[in-house]
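S.K.: Sharing a structure here in structure tokens format.
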Amino acid sequence: MDPRPIGVFDSGFGGLTAVRQLRRIMPSETIIYFGDTARVPYGNRSRDTLLRYARQDVAFLRSFDPKAIVIACGTVSSNCLEELQAENKVPILGVVEPTVRRAIAATRSGRVGLAATRASVSSGAYERLFHRLAPAVEVVSRACPLFVPLVEEGRCRPGDVVIETVAEEYLGPLRGEIDTLVLGCTHYPLLREVIGRVMGPEVELVDAGAEAARAVRDLLEERDALSGGEDQGQARYYTSDQTEQFLRLAPLFLGEDVTGRAEQIDITRY
């Protein structure tokens, strides 16, 4: 057993969907979450900038002596995972590999779609891993740069003409061409219903945050590093900008109120 916390970071709020899944499947674990809300979004940043930001995010989480760190950000997972793993002894997991493995298991036709940020698509990380694990699977990628800012403005519900129009423009061309769609950014599960209407019921949606949470559980079980407690674990939230916006939007992602549990920190100190 290992009572140490699990660290999770993202550029803003999307990683909270992974936290929600972690708390659902491992309720006794303590979670430390950092959202880099002062520098969101990461999706349009250069790789050098992403790596610099990610190193600071990891350094902050390491101050809590975590037993594992989850990169709940498709962009950082796609661009920086190998460097971060090489530089740190603590296990670091991204969202790409568990999501790709789930999509491979799910597809019936061998044609999979990827919806992700521009940086994730440009990195080619998903496509390379699909090719290595299942060379016969054809991947069709779509960059969806407006999804993150719209979600963080709360424009994510069915009936919102803005998000529905944007989703149709991005993903409508894939309708009828694929049977599985990877939601390659942890913001995108908030758009599951909107995206599901665009794609149709025959397309399975694969949630990167949920798959990453399962991968963490499997790793900790393998290492006999689960907390072993019976009580509900605690969750603490940190942001790099003022907490007001975080406190307003976090319940949308988490399904619970976080009043009194969020604190602003200066990420540039790490």
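The values are calculated or read from the model by the stated rules, or taken from the named source; none is laboratory data. Owing to the predicted nature of the structure, the values given are computational and were not obtained by experimental measurement. FYI the Cβ positions are ideal-geometry reconstructions off the backbone, even for glycines, and counts take in every protein chain you see. Keep in mind that these areas ignore ligands, DNA and RNA; they rest on the heavy atoms of the full protein, side chains included. Shrake-Rupley method; radii C 1.70, N 1.55, O 1.52, S 1.80 Å.
S.K.: Do you know which residues across segment 94-123 are touching a residue at least 12 places away in the same chain (Cβ under 8 Å) and either on the phi > 0 side of the Ramachandran plot or open to solvent by 30 Å² or more (accessible area, probe 1.4 Å) (or both)?
M.R.: Result: GLU97, ARG101, ARG102, ILE104, ARG108, SER109, GLY110, ARG111, ARG118, VAL121, SER122.
S.K.: Out of the residues in segment 206-265 meeting the condition of being among the hydroxyl-bearing types (Ser, Thr, Tyr) and in a loop (DSSP other than H, G, I, E, B), tell me which one is most open to solvent (accessible area, probe 1.4 Å).
M.R.: Here the residue is THR259.
S.K.: So, one more: ALA125 - would you say it is within 30 Å of ARG223 (Cβ to Cβ) and modelled with pLDDT under 95?
M.R.: On the way: within 30 Å of ARG223 (Cβ to Cβ): yes; modelled with pLDDT under 95: yes.
Yes: the conditions hold for ALA125.
S.K.: Additional query: Does ASN79 satisfy the criteria of being surrounded by 20 or more Cβ atoms within 10 Å (Cβ to Cβ) and modelled with pLDDT under 95?
M.R.: For ASN79, the condition - surrounded by 20 or more Cβ atoms within 10 Å (Cβ to Cβ) and modelled with pLDDT under 95 - is met.
S.K.: Look through LEU22, LEU50 and report the one residue that is of a type outside the set (Val, Ile, Thr), crowded, with 16+ Cβ neighbours inside 10 Å, within 24 Å of ASP257 (Cβ to Cβ) and in contact (Cβ under 8 Å) with a residue 60 or more places away in the chain.
M.R.: Numbers: LEU50 fails: within 24 Å of ASP257 (Cβ to Cβ).
Step by step, each of LEU22, LEU50 is checked, and only LEU22 is of a type outside the set (Val, Ile, Thr), crowded, with 16+ Cβ neighbours inside 10 Å, within 24 Å of ASP257 (Cβ to Cβ) and in contact (Cβ under 8 Å) with a residue 60 or more places away in the chain.
S.K.: Of a type in the set (Asp, Glu) and not in a strand (DSSP E or B) - does that describe any residue in segment 133-142?
M.R.: No - not one qualifying residue is present in segment 133-142.
S.K.: From PRO173, PRO158, grab the single residue that is open to solvent by 30 Å² or more (accessible area, probe 1.4 Å), under 22 Å from the mean Cα position of the chain (by Cα) and not charged (D, E, K, R).
M.R.: After applying the criteria, what remains is PRO158.
S.K.: Within the bounds of segment 133-149, is there any residue that is of a type in the set (Ser, Thr, Tyr) and touching an Asp or Glu at 6+ places or on another chain (Cβ under 9 Å)?
M.R.: At the first step, the residues of segment 133-149 found to be of a type in the set (Ser, Thr, Tyr) are 141.
Remaining after also requiring touching an Asp or Glu at 6+ places or on another chain (Cβ under 9 Å): 141.
Yes - at least one qualifying residue is present in segment 133-149.
S.K.: Of ARG192, ARG197, which residue is farther than 14 Å from ALA115 by Cα and either surrounded by 21 or more Cβ atoms within 10 Å (Cβ to Cβ) or in contact (Cβ under 8 Å) with a residue 12 or more places away in the chain (or both)? Reasoning before the result, please.
M.R.: Details: ARG192 fails: farther than 14 Å from ALA115 by Cα.
Criteria check complete, one pass: ARG197.
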